[in-house]
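Here's the structure, in structure tokens; my notes come after.
Read-outs: derived from the displayed coordinates by stated rules, not from any lab. What you see is a predicted model, and the numbers here were worked out from it, not measured in a lab. Using ideal geometry, Cβ is built from the backbone for each residue, glycine included, and neighbour counts are taken over all protein chains shown.
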Amino acid sequence: MATVEMVMPKMGESIMEATVLTWLKKEGDTIEEDESVLEVATDKVDTEVPALEAGVLKQILVQEGDIVAVGKPIAIIETEGGSAAADNGATTKTEEKEEAAPASAEKSTSLATSTNGHDIAARSESGRFYSPLVRNIAKEENIQMAELESISGTGKDGRVTKKDILSYLDNRGEAPAQTPSQPAQSATQSAPSSQPAAQPAPQGVPVSISGDDEIIEMDRMRKMIAGRMVDSKRISPHVTSFVEADMTSVVQWRNKHKNTFKEQENGNLTFTPIFIEAVVKAIKDYPMINIQVDGDKIIKKKHINIGMAVALPSGNLIVPVIRDADQLNIRGLANKVNDLARRARDGKLKAEELEGGTFTISNVGSFGNVMGTPIIMQPQVGILALGAIVKKPAVLETPQGDVIAVRHKMFLSHSYDHRVVDGSLGGMVVRRVADYLEKWDVKKDL
């Protein structure tokens, strides 16, 4: 027998540590290769860590709630072979541990993808969590989410293990499976930010609670979002400028191409990629909005990385980032938007896809809101909210005189950091975005 150190895997370029949330296995349990052993959390994303080798969990080195640096040992696994262990049962060498970290992170994400069948979300609408290995088996066997939900789980909190799903497949069709008897854990995604997790600021006014009130505990993600928002308002003096744009040409162009796009790309052509293209052009015209603040220094960013707020099924928000958005055409942006939004809702984003943003947009119009005053994503200095597109009567100038016509209108709300962005720049940026939208070429190719 040989022993192998299991180390905290690398889960993103800027992530140096993670918090142990839950051990899914206990000492003495048999572990199969690629089977999830524990669940960890960073300030970017929560994920399960799979075992790189089969064996027995001999010793747990860190406890739930501990913060562990990437690459540090977290457990000892006793294996039958000695290929990954040193002589005489010693633990793996430093070089082997360094290789194990990125491999673990890679497996945790790659197991959730398949060329066959359908996508299985990491967490169902009922809140039940499924490991990458279980999701992969479900895809290969064409098990839909409704069927997966019916499988009785023997894991912690009623989770479905590899053994559970394989046992179900052996008896599939003979008898209906039982529904899980225990609730799943809280949401797995974490609020996007490079800052450490923060708790909500204490309330200054005491809260009155009666016997008829319901008390709801914030999940971890909501606590982190609350902390981020309070921090941002404290760090940046927010100012918001508003512009109303005529979106008639954009609406006509999208209506003209949306069916073709769906046939060719098997996805929806939304307004979001159009917004992003206009924002990117405005940033190129006014590069001092694409900056960050470091003490008394201004960092002018070379790359244009656009964050886009996505609403999760839980009601929380997450902001994946489209890197080098200026290098993509409208079709490329549309495909990227659809991909990131889908994987955000399914809990499949990688940690590095939530960092590095230089400017953010939030489509509040998707909720029927005509405008909003968004809070800046630190350390950025600007965020643009895009309202609902509505039909309105408008005065148009023609050679024959002014006329009233029905036009598609939308409000744009630009919040910016008044420490480094004055009203003139903040106002010109949002006005320029509106100009690009109003001058959208209806003959533009998709």
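Okay, here's what the table says:
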| read-out | value |
| --- | --- |
| For segment 289-346, alpha-carbon Rg relative to the globular expectation (2.2 N^0.38 Å, N residues) | 1.36 |
| Computed label-point distance, nm, for sites residue 367 and residue 240 using a 7 Å Cα→Cβ extension | 1.2 nm |
| Residues listed by number, segment 323-341, amide nitrogen under 17 Å from residue 302 label point at 7 Å toward C-beta | 323-327 |
| Residues whose placed amide H lies under 5 Å from that of residue 22, excluding near-sequence neighbours | 39 |
| Calculated log₁₀ intensity ratio I(q)/I(0) where the Debye formula runs over C-alpha points of segment 222-276, q = 0.16, 0.28, 0.29 Å⁻¹ | -0.72, -1.11, -1.15 |
| Counted charge near residue 434, where neighbours are those whose Cβ lies closer than 13 Å (Asp, Glu -1; Lys, Arg +1) | 0 |
| Share of Cα-Cα pairs in segment 328-381 lying beyond 15 Å, as whole percent | 65 percent |
| Cα convex hull of segment 277-392, projected area averaged across orientations, nm² | 8.4 nm² |
| Segment 221-360: radius of gyration over Cα atoms, expressed as a fraction of 2.2 N^0.38 Å | 1.15 |
| Above-threshold pairs, the threshold being 29 Å between Cα atoms, out of 297/444; 233/300; 350/443; 281/392; 302/350; 258/302 | 297/444; 350/443; 258/302 |
| Extension gain (nm, one decimal) between residue 16 and residue 205, 0.36 nm per residue minus Cα-Cα | 64.3 nm |
| Longest to shortest principal axis, alpha-carbon extents of segment 255-334, angstrom | 51, 34, 16 |
| log₁₀ of I(q)/I(0) at q = 0.17, 0.19, 0.26 Å⁻¹ - segment 371-446, Debye sum with one point per alpha carbon | -0.83, -0.94, -1.21 |
| Packing rank of 358-366, 398-406, 438-446, where each peptide gets the mean count of other beta carbons within 10 Å, highest leading | 358-366, 438-446, 398-406 |
| Label-point separation in nm, residue 1 to residue 329, each point 7 Å along Cα→Cβ | 6.2 nm |
| Set of segment 405-446 residues, backbone N closer than 18 Å to the point 7 Å along the Cα-Cβ line of residue 395 | 405-409 |
